[in-house]
Amino acid sequence: MTLLTVEDVSKTFTMHLHGGSRLPVLRGLSLSVAPGECVVLGGPSGVGKSSILKMIYGNYLTDAGRISVGGLDIATASPREVLAARRGTVGYVSQFLRCVPRVGALPVVAEPLIERGTDRGDAEERAAALLRRLDIPERLWALPPATFSGGEQQRVNIARGLIAGLPLLLLDEPTASLDVANRAIVVGLLREQLAAGVGMLAIFHDPEVREALADRVVDVSGFAP
Ligand SMILES: Nc1ncnc2c1ncn2[C@@H]1O[C@H](COP(=O)(O)OP(=O)(O)OP(=O)(O)O)[C@@H](O)[C@H]1O
């Protein structure tokens, strides 16, 4: 069984503010991710790695092809179906944390669980356990993450991405701002998720993180137009 199947996907950006000029980025992209598998997207800067994650998460449209996430074709799904896939199947840890201003780190991390119907007390307990595991000092938990250091924000973002226990995770450089100790914590956490059957499609520039987690690397330059 595959969790994620990308078949023959193409993407061209059209710059409406620049006379409609067109920037072809990907052609004929195909890949798949099975449960418990970590597939890493490789290739030089600008080749389209982040754009692939954004298409799978439904943030960017695709021009052609199919993207099956747990059986749903994201490329043709309605916005409502995309939101349902995000609630039940696919999580996304972007490079930078974007969240509601003035909400503390603990409720920010607990929110995805509360949205899925978990009661606030239980959700905040799970959030606390994750924040502790990720070494975010307890004195920060009530504070909004906007003022946190880059590495602290990144760990809050990871906690928020992992808390719901979704079967498929899209990871865009989740360890880029972390020191060695925190990187090791995150790698340990992701390994546990893989062992529990979570599938991952990831961008890891750090060769040690790749070595520790990747089952396969897909070179995206093979799909340049
Ligand atoms: N929303 C957008 N509008 C226009 N062009 C875009 C958009 N998003 C990405 N691009 C362009 O698509 C190309 C691929 O970008 P993308 O961020 O996917 O590359 P990447 O492989 O992830 O790069 P990096 O490793 O530097 O993060 C780039 O040339 C970028 O300028």
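The values are calculated or read from the model by the stated rules, or taken from the named source; none is laboratory data. In this text, all values refer to a predicted model and were calculated from it rather than measured experimentally. All Cβ positions, even for glycine, are placed from backbone atoms using ideal geometry, and neighbour counts span all protein chains on display.
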(request) Please specify each residue of region 117-136 satisfying the condition of being under 18 Å from Gly88 (Cβ atoms) and part of a helix (DSSP H, G or I). (result) Ala123, Arg126
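I need the full set of residues from region 56-66 which are polar (S, T, N, Q) and away from the ligand (no atom under 12 Å from the Cβ), in order please.
Quick first cut of region 56-66, residues polar (S, T, N, Q) only: 59, 62.
Thr62, the sole residue that qualifies.
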(request) Go through (1) in contact with an Asp or Glu (Cβ under 6 Å, 6 or more places away or on another chain); (2) within 16 Å of the ligand (Cβ to nearest atom); (3) small (Gly, Ala, Ser) one by one and return the number of the condition Ala110 breaks. (result) (2)
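How about region 137-225: which strands (runs of 3 or more DSSP E) wholly inside it have at least 2 residues that are touching a Leu at 6+ places or on another chain (Cβ under 7 Å), closer than 22 Å to Asn59 by Cα and within 16 Å of the ligand (Cβ to nearest atom)? It would help to see each step written out before you state the result.
Values: elements: 168-172, 199-203, 216-219.
So the answer is 168-172, 199-203.
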(message) Which count do you get for residues in region 41-52 that are buried (at least 21 other Cβ atoms within 10 Å of the Cβ) and farther than 14 Å from Phe223 by Cβ?
(response) 0
(message) Report every pair of residues separated by at least 6 positions or lying on different chains whose Cβ atoms are under 7 Å apart, first residue within region 9-34 and in contact (Cβ under 8 Å) with a residue 12 or more places away in the chain, second surrounded by fewer than 10 Cβ atoms within 10 Å (Cβ to Cβ) and outside any strand (DSSP E or B).
(response) Ala34/Met1
(message) Whether any residue in region 144-151 is surrounded by 13 or more Cβ atoms within 10 Å (Cβ to Cβ), modelled with pLDDT of 95 or more and aromatic (Phe, Trp, Tyr) is what I want to check.
(response) no
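Among the residues in region 36-55, are any basic (Lys, Arg), within 13 Å of the ligand (Cβ to nearest atom) and under 20 Å from the mean Cα position of the chain (by Cα)? Please lay out each step first, then the result.
Going residue by residue through region 36-55, those that are basic (Lys, Arg) are 49, 54.
Filter once more, keeping what is within 13 Å of the ligand (Cβ to nearest atom): 49, 54.
Filter once more, keeping what is under 20 Å from the mean Cα position of the chain (by Cα): 49, 54.
Scanning region 36-55 turns up at least one residue that is basic (Lys, Arg), within 13 Å of the ligand (Cβ to nearest atom) and under 20 Å from the mean Cα position of the chain (by Cα).
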(request) Please work out if Gly117 is free of Cβ contacts under 8 Å to residues at least 12 places away in the same chain, exposed (fewer than 12 other Cβ atoms within 10 Å of the Cβ) and under 23 Å from Leu168 (Cα atoms). (result) yes
